[in-house]
Structure formats: structure tokens, C-alpha cells
1. Collect the residues in the range 70-123 that are within 22 Å of the chain's Cα centre (by Cα) and over 22 Å from ALA344 (Cβ atoms), keeping them in residue-number order.
2. One residue is enough: does the range 635-655 have a residue meeting the conditions of a type in the set (Gly, Ala, Ser), in contact with a helix residue (DSSP H, G or I) (Cβ under 7 Å, 6 or more places away or on another chain) and not in a helix (DSSP H, G or I)?
3. Is it the case that THR380 is outside any helix (DSSP H, G or I), farther than 14 Å from PRO341 by Cβ and touching a residue at least 40 places away in the same chain (Cβ under 8 Å)?
4. Within the group HIS79, HIS66, which residue is open to solvent by 10 Å² or more (accessible area, probe 1.4 Å), in contact with a helix residue (DSSP H, G or I) (Cβ under 6 Å, 6 or more places away or on another chain) and outside any loop (DSSP other than H, G, I, E, B)?
5. Return the residues of the range 388-404 that are surrounded by 12 or more Cβ atoms within 10 Å (Cβ to Cβ) and either free of Cβ contacts under 8 Å to residues at least 12 places away in the same chain or part of a loop (DSSP other than H, G, I, E, B) (or both); say none if nothing qualifies.
6. In the range 54-91, how many residues are over 21 Å from ASP207 (Cα atoms) and either aliphatic (A, V, I, L, M) or at pLDDT below 95 (or both)?
7. Please work out if TYR99 is in contact with a Leu (Cβ under 8 Å, 6 or more places away or on another chain), modelled with pLDDT of 60 or more and aromatic (Phe, Trp, Tyr).
8. Could you list, in sequence order, the residues of the range 161-179 that are modelled with pLDDT of 90 or more and either acidic (Asp, Glu) or buried (at least 23 other Cβ atoms within 10 Å of the Cβ) (or both)?
Amino acid sequence: MINFSYSMFPTRCLLCVLCLVATAMGRTAASPPAKPQPPNVILITLDTVRADRMGFLGSKRGLTPHLDALARQSVVFTHAYSQVPLTTASHATILTGTYPQFHQVNDFGVPLAEDLPYAPYIFRGNGYHTAAFVGSLVLDPVARSAPGFERGFDTYDAGFHRRRMGEDRYQAIERRGGEVVGHALAWLTAHQKGPFFIWVHLYDAHDPYDPPEPYKSRYAAAPYDGEIAYVDAAVGKLLSWLRLRGLYEGAMIAVMADHGEALGEHGEITHGIFLYDETIHVPLLFKLPHERSAATRVDNRAELVDVLPTMLQAAGISVPKEVQGESLLSMLKATTSRDRPAYAESDYPHRTFGWSSLRSLRTGKYLFIEAPRKELYDQTADPKAEHNLSAASVAVTNTLASQVDAFRQKTSTAKEAPKVSTDPGLQERLNALGYVATDSSSSSMPGIKETGADPKDKVEVVNLLHRAEMAKEDMRFEEAVPLLEQVITLEPNLPITYLQLGTALSSLKNYEKAVPILQKAVEMRPDLTVPRYQLGSALFETGDFVGAAAEFETAVARSPNWPEAHLSLATAYARADRLKDAIPEYEKVIELRPNHYSAHLLLGRAQALSGNPAAALPNLVKAAELQPKSPEPHRFLADAYVQLGRQDDAKRERAAAQRLRGSGNQ
């Protein structure tokens, strides 16, 4: 007899197994496994940081323990180069993956075109939250120094302004690294789920070198090094926060400088003109998700134009075809090294001073610089670029000159240069940071004689002008005046020097001397608004209210949304006995700035003096609310109430004015 019960046991087991498999297959078909979340991407740019101050690049100064620790978990590119030694232009290269001759953001105020590939726009289009936290006015889109940089960012944390009375630079035109990181951490606290792309820009190493304590005392003899140490601590604060919240391991973190700092080498005290290693060689590292390729050092050349495609590839995002850089991750897989030339340029000497632009190419063992007097250096034997070989190596020099021309032709855009919207306040705000702003994106400034001079012969002019700007920013006008006079002696055809000298003299209340200097600035640049405004201010102080009004009228016509220009014009009209003309100008200021104290005060006064005390009352009351400790609104209110026959109200306001004057308020 066949034992059916025994033979059916494995059959039942098999059926059970088949049912389980079927169920599992059905479940799989209904719910495919979730795709892993893309990595968070953190871009940290260190403004004005030299490569030779990094411990992970060989420095023995001990300034960068946090960056050194990060480097041990990262891919470090030991020979990385900036494409331009200016903050806004270099960041445009970093964020677009294109060369300066393609994106055309070659100076402050030049708009970033909307059709350029742009990191935040790409990341946001791939589901990322995006935010920027910048440390200086030079990267503030609202201030018009970096128009278009806000594109693609959910949050762009800037908010800088012209320095006001009683403010230091850290309350107005720049922000210390610790505060920038604090703003970033506040945003990250609300967006930890990601994925996110954040850009943190630390400006501290830019001059003037003024690190906070304890770095100020510790590095009193080398304040630039103190700024580097402070920046490193700010980076450490950000990295520690990421580690504590479990956001560090899986993140892609890219750290680089936008450019370096000359510190007197080759005669340049800061940056922007020359293309030697002190300003072009920059630190660059990438911490890949989960520390892939940690402690890898790549000695092949890399460029900042390569940053965007590298970040995109690490995040699994397609690189737009317009991107001109290359992903550096391919170097990690290469079995053989290849020479990658590195290009850099500076149009700043041409556009600002009428001298020659500079172009450079690092290839093989050479650094070649295209200039009126060409330069060729063997970087293997002469890393400090002290021995120009161009006269002895004519064939090499000419070959590299041809390569530079060919490269520029290949990588330039055929599009028209973007139009620059002149902001009358931008020049003054950038002056406070030591820069000279222009109002053209393609050629030298109008009024400047294009000499094509070699910047090597003119660098002292730049240094003097920069020192004068810094002295003015610190209210050391007596020091600024002789420096500016030296600049005029050396280079008499720079309109900006006359403007700065005239404003410095005005600040010293030497208006009689300031007027002809400012008239010269207007004569050289009749198209600019700021010189006319400053001339109007100086004429006003000399008592020439009619002449002042004429200059202010031009300023208002060119910049109709400039509150200070309307206020100055109104005041000039009032002093020239044109109260009826002054009133609409005061009203325009209030339209532009509803809580402008002086506009409400002076409008109310003008209305009362024009025989309309009833209209004056709300403006004077508003002025009293805006500055409750000021006696002036109450004094003017008393006069208006007398005109209206309201003697009790007048008595009350006179008492308030007397009380406030008695407590020391003027």
C-alpha cells in the first residue's frame, strides 16, 4: 500500500513555499524599493585665502586644524587654480562651471545671465532645497553688486547696506564668519530632511585684516594669518553641527578659495590685478558621501570651473552641455595622469584704469602671462615666478601666446555683454571694501584714457588708491588726502581719484578746495551720477544753493528712486527760497522711504512755512514718533499749532522740546 500521507507532505510544503514566493512577488511589484535620497551638497567658499596657509597643503603655521581634519577625509587637489582674482567674477565661474569670457561677469554689478547653467537653479530643479549665506556686500544681489546671483535659491541671506553713522563694517558691508555660519545653521535646523544645497561664503580673510579675539591678540604680528585661523574655526563650527545631527557622513562637502592674496608679492598688496600663484593658486577639496576616496591627493591641475560638474556628478545629476569645466571625479579613476592646462585672466586693470588686461596659462612646467611685456616662468625651478624667461625662450613664449588666443576663441561667448544698471550707491559701497566699481561690462570706463600700459609698471597706483579707500572707510580722511594726491600725480587721468579726493576733502569740511576737484571729476565723467551728487553737496556747504540744486536735479533725473538725492534737492530748494518746489521732493522721499525721519520733519516744516500748518501736523507727529528723543519735531509742532490758534497744544509741545533739550538731546 502506498503511504499517501507521507508523499503529500513535501507537496504541501512546496505549495506553501510557492504561495509565499507569489505573495512576496506581488508585494514587490506593488511597492518597488524606495530610491536612496540624493546626497546633501554643501559648498563652502573661503574668500581671499592663499593655498600656502593650509596645513593640508604643506603649511607649518598651524592655522587650519579643522580644514586639515576635513582634508584627511576628502579628495584634495594640490594644484587648483582660480580663473579670475576677483570675488564676484570667481564665484560666477564656480557656480556656473563656465569661464569668465563665457559668463561675462568680469566685475561687480555685471548681471549673471539667466540662460547660464547655475548651481542652485540646477539643484532646485532636481528636488533640492537651496540656500546661500554670504559674508559681504560684493555678493549681495539686492545691493546690485551681484545681480542675478539669487536665481534658483529659496533663501539668499545677504542684506548688506551702506555704512551708517555709528555702525562698524560688520553691521553694514560685511559679516563675520561666525555670524554667517550661525545664519546657515538656523536655516539647516528647519531643513534637515533635505536634500539641500547650501552655499556658505566666508569673507573674513579679505582686507582690512581684523580678526576677532582671541585671534586678534594671538596673531597681532600677522593679522592675515589670524583671519585664516578664525575662518578655520568658523568652518569647524559648521562641520561639528553636521556631525552631531548625522548630516556629515552622507554629505558632499566642497571647500575652496575664490582667489588668494598677494600680501606684497610682485608688488601687489591685495588682489585683482596680477595672475601669479599668490592670488591664483587656491585650496580645493571635496569630501564625497560616506568618505569615498578619503585621504586621496591629486597633483594634476584642477580649476574652479570644474567645481560645478564635480558637484553634479557626485549628486547623480546630469551636467548641462553648456558647462565648460570637467568633473574632477574622473581623475580618481584615471590610471595615467595628463597635463591639464589652467587658464586665468583679469580685465580689472583695463576696465578700471585703461591699462592692459592680463591672461595666463599654466601648462607643462610653465606659467605664461600675456601682457605688453610677456612673462614666462619655469614653475618647477622657479615656483615664485621671479625669473622671466620670455626673452630667452621666444619660441615657447610665442607658442603659449597662440594657445591662449586659441583657448579664448574656443571658450568665449558670441553673445553681447550684459547691460550694467548703474546704481549711484554701488560705487560708494564697493569703495568701502577697497574696490573701484565700473559701469560697463566690456570696455574701460568712459573718461579713462586707454593707454594699454603694462600693469607691472602701474601697480603702485592701485596700491595707493586702495590704501586711500581703506583710510576713508575708517574715517582717516587726513591720511587719505595725500595718498589720493599722489595717485593724481602718478596717473592724472583717473576720474575715480578726483571723486574720492573731493569727497575726502568735503569730509574734512574743506569745501572750497573740494569744489574744483569734484568739478574735474564731473568734467571727466559727465555720465556718472555720484560725482554730480557729491559736487552738489560741496556747493551746498559753500552756500551756493542754486548751483547745488542744479547738480541734485541731474542726480534725481538719472536716479529717480534715490531717496538721498531727492532729500538733498528738496533741502537745496528750501534754502534757495523755493519751498513750493521742495515740498514734492520731500514727499517723494517719504514715498520711497515711509519712515524717513528727516523727510517727515522737513516736509512738515516746509508745509507750515508755506502757510499750510494743518498739512504739517501729521508729518511732524510722525517725525516725533520716529525719533522720540529729538526736540526738533516738538519745536516745529509748537509753531504749527500757534499758526492754527491752538495755544494749549503749542504750550505742550514747547514744554516737550525744552524737556528734551534739557536732557541733552539736540
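1. PRO111, GLU114, ASP115, PRO120, TYR121, ILE122, PHE123
2. At the first step, the residues of the range 635-655 found to be of a type in the set (Gly, Ala, Ser) are 638, 640, 645, 650, 655.
Applying the additional criterion that residues be in contact with a helix residue (DSSP H, G or I) (Cβ under 7 Å, 6 or more places away or on another chain) yields 638, 640, 650.
From what is left, the residues that are not in a helix (DSSP H, G or I) are none.
No, because not a single residue in the range 635-655 is of a type in the set (Gly, Ala, Ser), in contact with a helix residue (DSSP H, G or I) (Cβ under 7 Å, 6 or more places away or on another chain) and not in a helix (DSSP H, G or I).
3. No.
4. Going through HIS79, HIS66 in turn, the sole match is HIS66.
5. Across the range 388-404, the qualifying residues are ASN388, LEU389, SER390, SER393, VAL394, ASN398, THR399.
6. Selection size over the range 54-91: 8.
7. No, not satisfied.
8. Matches in the range 161-179: ILE173, GLU174, ARG175, GLY177, GLU179.
The values are calculated or read from the model by the stated rules, or taken from the named source; none is laboratory data. Keep in mind that what you see is a predicted model, and the values were worked out from it rather than measured. Cβ: placed from backbone, ideal geometry, glycine included. Neighbour counts: every protein chain shown. What goes into the accessible areas is simple: the full protein's heavy atoms, side chains included, and nothing from ligands, DNA or RNA. Shrake-Rupley method; radii C 1.70, N 1.55, O 1.52, S 1.80 Å.
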